[in-house]
Amino acid sequence: MKLLRHGPAGREKPGALDMNGVPRDLSLLVPDFTPEWLAPDKLRALAAIDLQRMPIVPVGERLGAPVSGVRQFVAIGLNYRKHAEEAGLEIPREPVVFTKALTSIAGPNDDVTLPRGSEAGDWEIELAFVVGSQAKSVAVEQALAHVAGYCLANDVSERDWQIKRNGQWGKGKSFDGFGPLGPWLVTTDELPDPQAIPLELAVNGEVRQRSNTSDMIFPVAAILSYLSEFMTLLPGDVVITGTPAGVALGMKPPRFLRRGDVMSLSAGPLGTQRQQVV
């Protein structure tokens, strides 16, 4: 299934795409896509719904992040070799881990507001996975069984806050709206292999990033297993898995985001995003 949430920010309702790609409202049957609804038995129940009988979501209605009630928003850095090289950093021997504030989560097409005085706004297209069942000390071979599904993410960054403000990366990653997710969550029964997803990001129509999740240094299974060694992953947790080369910071000279710029993202079965910078 492709699960989505639609409606005004803070008042989203659950929905799903039917076989024709038409968004259907599920609020008569499901209160919201909270962590408990990502468990395997709940997802099987959702898959049994006859979507053709559900109301159609109004055309043009806003889409929110496809899951609610997220308790941990974890990010992996430098997970593509060429991105590490363009950042002038060594290829990591273990996953680089940081966190983003929960308040950075936004809908896939919401405006991105740069902080006051920002001169170094940047983009990062990424694959995200959402945890469906608690994971603690999980072996790589069993890791994907703990994933509910996958979605597209943009790890928006403010590089001055990330690099120059005497702190960890989260400083430059956690502004409101710096974590667009969606447009939908593709469940694992529909997408069993997360390592074959095309990624492309353009700014004002000019392609800046083009890659594939097959190029990740640490694949999804390795990331989930690694994280579960030192933290318990909970249902509903979102993990973004790193970005390929082509970010503004790596350009010579850098070409950071400015007001009015439009970021367009696409990722095959994960859908598309569009954010205007304000």
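The values are calculated or read from the model by the stated rules, or taken from the named source; none is laboratory data. Computed from a predicted model, the values in this text were never measured in an experiment. Cβ: placed from backbone, ideal geometry, glycine included. Neighbour counts: every protein chain shown. Ligands, DNA and RNA are stripped out before the accessible areas are found, and what is left, the full protein with its side chains, is counted by its heavy atoms. Shrake-Rupley method; radii C 1.70, N 1.55, O 1.52, S 1.80 Å.
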Scaled by the rule-of-thumb 2.2 N^0.38 Å, the alpha carbon Rg for the chain gives a ratio of 0.95
Largest fluctuation, V57, V147, V238 only, Gaussian network model of the chain with Cα springs under 10 angstrom, belongs to V57
Note to self: Kirkwood Rh of region 111-227, Cα pairs, one decimal, Å, is 15.8
Once the dipole of the chain is set up from charges on Cβ (+1 Lys and Arg, -1 Asp and Glu), the residue from the list V67, S264, L233 lying farthest towards its positive end is S264
Taking Cα pairs closer than 8 Å and at least 6 residues apart, the relative contact order of region 12-158 in percent is 20
Averaged per residue, the 1.4 Å probe accessible area of the chain, protein heavy atoms only, in Å², is roughly 44
In whole Hz, the Karplus estimates of ³J(HN,Hα) for region 29-45 (6.51, -1.76, 1.60; θ = phi - 60°; x where Gly or Pro) are 10, 10, x, 5, 8, 7, x, 5, 7, 9, 5, x, 5, 5, 5, 5, 5
In terms of the charge dipole of the chain, which places +1 on Lys and Arg and -1 on Asp and Glu at the beta carbon, the residue among V278, L4, V96 farthest towards the positive end is V278
Output for region 1-87 (equivalent-ellipsoid semi-axes, sqrt of 5λ from the C-alpha gyration tensor, Å, descending) is 29, 16, 14
Within region 60-81, the residues whose backbone N lies under 15 Å from a label point placed 7 Å from the Cα of T34 along the Cα-to-Cβ direction are 67-71
Note on region 207-278: C-alpha Rg/Rh, Kirkwood Rh, two decimals, gives 1.04
Residues meeting the amide H criterion for G132 (H placed from the backbone, H to H distance under 5 Å, 5 or more places apart or on another chain) are V147, A148, G236
Partner lysines whose C-alpha sits under 23 Å from that of K173, ignoring same-chain residues fewer than 8 away, are K82, K100, K164, K252
Connecting every pair of Cα atoms under 10 Å apart in the chain and solving the GNM, the largest mean-square fluctuation among P254, P108, P219 falls on P254
Helix 220-230: inclination vs the chain longest Cα principal axis, degrees, rounded to 10, gives 80
The alpha-carbon center of region 79-109 and that of region 115-176 are separated, in whole Å, by 6
Here the gain from full extension of V262 to V140, 0.36 nm per residue of separation minus their alpha-carbon distance, amounts to 40.1 nm
About its Cα centre, region 165-210 carries a charge dipole, from +1 on Lys and Arg Cβ atoms and -1 on Asp and Glu Cβ atoms, whose size in debye to the nearest 20 is 460
Share of accessible surface on carbon and sulfur in the chain, whole %, 1.4 Å probe and ligands ignored, is 52
Under the helix-only model (-39500 (n - 2.57) for each DSSP H run of 4 or more, divided by the residues of the chain), the mean residue ellipticity at 222 nm, to 500 deg cm²/dmol, is -3000 deg cm²/dmol
At 20 °C in a medium of viscosity 1.002 mPa s, region 157-278 has a Stokes-Einstein diffusion coefficient, with Rh taken as the Kirkwood radius over alpha carbon pairs, in µm² per second, of 131
